[in-house]
Amino acid sequence: MLEIDGSRYSGSGTIVRQAVAFAALTGTEIHLFNVRLKRPRPGLRRQHAQAVEAIRQLVGGTTEGAVVGAGEFVFRPGKPTGGEHFSWDIGSAGSTTALALAVLPVLAFGSNPVSIELRGGLFQDFAPSFYHLEHVLLPLCKRMGFEVSARMERPGYVPSGQGVWHLAAIPARGTLRPLVFETPGKVEKIWGIALSSRLKEQAVSERMAEAATRALEAAGYYADIQVRYDDSALQAGAGLAVFADLSGGARIGSDRAGARGRRSEAIGKYVARQLLEDLKTGATLDRHASDQVIPLAALAAGENRFRIPRVSEHIESNAWLSREFLGAEVKIAKHELIVKGVGLRARVD
């Protein structure tokens, strides 16, 4: 049984999700301890426990102690179930997009197409927004030969969550293709989505979009940001996502969720500033996709090369786990990320 110290590097839920996904793919039994030790509230929260349970269902595994609040647990992979339809409800505003990140590597090497309904939060801090997942990470999956699509039925925000969206995945055939984005090229287009629910009278979507547009124009860029209003959400909330499409084929994203006391104009300025910071470094992946892509790159057949805005603890966490479970070679410099994938194929039981 492989011992995984959850306090290393980021000491976050990233380690929980990725360790269990790699364990499922490699048939490795793990004991994960010091779960989320560096977080203000250590131990498994609802979204982390649900991620473990989701992967367990996909591969017919078993767990010991993987309950909310647990500081350690055991995960044992089993035989893939071949299920085609799943429904996972976090039961809080916990991130459903982070849950999706956990299961994507497992789905990539499944035996059949899968459709999933996810319920919980779609827009919150410290997790990818639905739009970032849909427009940045899933297109990268497609380039690797793994078809995944996402459809939002109802937004979900902090504090109650209750959002609903659907994920459909068709496994890769054989191995995943490596990605090479070494040269960003010029910015060809900047576009985005400003969404708010039950806040039309306050013109929240317009105000976020206008603030971001002005900040980007001041830096010499024109932005086309679509304004959307929603009444289907069960509570008020907002989120802004802006993307830069580069001539080298890469897409850089930046986003921010609304929060009590957080002005719409501040959200717009924050998103624009973060996007400009990442572009200034010559990156081909944004600061969030830089760590999110590592597990898939480590599983691919061949060398993946990217330019990243900066090195984060999440990048270091995923690099460590890729080496630990797969023996993948991961090189990280100031703005360079090289991942030599191991060419994993679906496990046959």
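The values are calculated or read from the model by the stated rules, or taken from the named source; none is laboratory data. Here the structure is a predicted model, which is why all the values come from computation and not from measurement. Cβ sites come from the backbone with ideal geometry, for glycine too, and all protein chains shown count toward neighbours. Calculation scope for accessible area: heavy atoms of the full protein, side chains included, ligands and nucleic acids excluded. Shrake-Rupley method; radii C 1.70, N 1.55, O 1.52, S 1.80 Å.
Quick check: from the Cα gyration tensor, does segment 259-349 come out rounded (a/c under 1.5), prolate or oblate?
Taking the square roots of the gyration eigenvalues as a ≥ b ≥ c, segment 259-349 is prolate.
Kindly express, to the nearest 10 degrees and within the range 0 to 90, the angle between helix 204-218's C-alpha long axis and the longest C-alpha principal axis of the chain.
Orientation of helix 204-218: about 80 degrees from the principal axis.
Cross-link candidates for LYS340: which lysines have Cα within less than 30 Å, leaving aside residues fewer than 8 places away along the same chain?
LYS38, LYS79, LYS142, LYS186, LYS280, LYS331
Roughly speaking, what is the centre-to-centre gap between segment 48-78 and segment 185-207 when only Cα atoms are used, to the nearest Å?
38 Å
Over all alpha-carbon pairs of the chain, lay out the pair-distance distribution in 10 Å bins, whole %, shortest bin first.
6, 26, 35, 25, 8, 1
In segment 131-208, with Lys and Arg counted as +1 and Asp and Glu as -1 at Cβ, which of these residues, CYS141, SER196, PRO171, has the Cα nearest the positive end of the dipole, that is, farthest along it?
It is PRO171, whose Cα lies furthest towards the positive end.
Segment 217-264: percent of C-alpha pairs farther apart than 13 Å?
71 percent
Going through segment 119-172, which chymotrypsin sites (Phe, Trp or Tyr not before Pro) have at most 15 other Cβ atoms within 10 Å and a DSSP loop state?
Sites meeting the loop and neighbour criteria: PHE126.
With contacts defined as alpha carbon pairs under 8 Å and 6 or more residues apart, what's the relative contact order of the chain in percent?
The value is 15 percent.
With +1 assigned to the C-beta of every Lys and Arg and -1 to the C-beta of every Asp and Glu, and no other charges, what is the dipole magnitude of the chain about the Cα centre in debye, to the nearest 20?
Dipole magnitude for the chain comes out near 340 debye.
How big is the Cα convex hull of segment 60-163 in projection, averaged over all directions, in nm²?
Directional mean of the projected Cα hull area for segment 60-163 stands at 7.2 nm².
What value in Å³ per residue do you get for the convex hull of the alpha-carbon atoms in segment 180-220?
Convex hull of Cα atoms, per residue: 82 Å³.
If you line up the long axis of helix 46-59 against the longest principal axis of the chain, both from Cα atoms, how many degrees apart are they, to the nearest 10?
Result, in degrees: 50.
What does the C-alpha gyration tensor say about the overall shape of segment 199-336? Classify as rounded when a/c is under 1.5, otherwise prolate if a/b is larger than b/c, or oblate.
Here segment 199-336 falls in the prolate category.
One-quarter of the Cα convex hull surface for segment 2-94, in nm²?
5.6 nm²
Taking the Cα atoms of segment 20-60, report the difference between the largest and smallest coordinate on each principal axis, in whole Å and largest first.
31, 17, 11
Which aspartates and glutamates, on any chain, are close to LYS200 with Cα under 14 Å apart, when same-chain ones fewer than 8 places away are left out?
By straight Cα distance, LYS200 reaches ASP230, ASP231.
Please report, in whole Å³, the volume per residue of the convex hull around the C-alpha atoms of segment 151-226.
173 Å³
Please name whichever of THR284, GLY248, GLY268 sits farthest to the positive end of the charge dipole of segment 246-300, dipole taken about the Cα centre and charges placed at Cβ: Lys and Arg +1, Asp and Glu -1.
It is GLY268.
First measure r as the distance between the Cβ atoms of ARG260 and SER149, then evaluate 1/(1 + (r/R0)^6) with R0 = 35 Å and state the FRET efficiency to the nearest 0.05.
It comes to 0.60.
Leaving out ligands and nucleic acids, and using a 1.4 Å probe, what accessible area per residue does the chain come to in Å²?
Normalised by residue count, the accessible surface of the chain is 41 Å².
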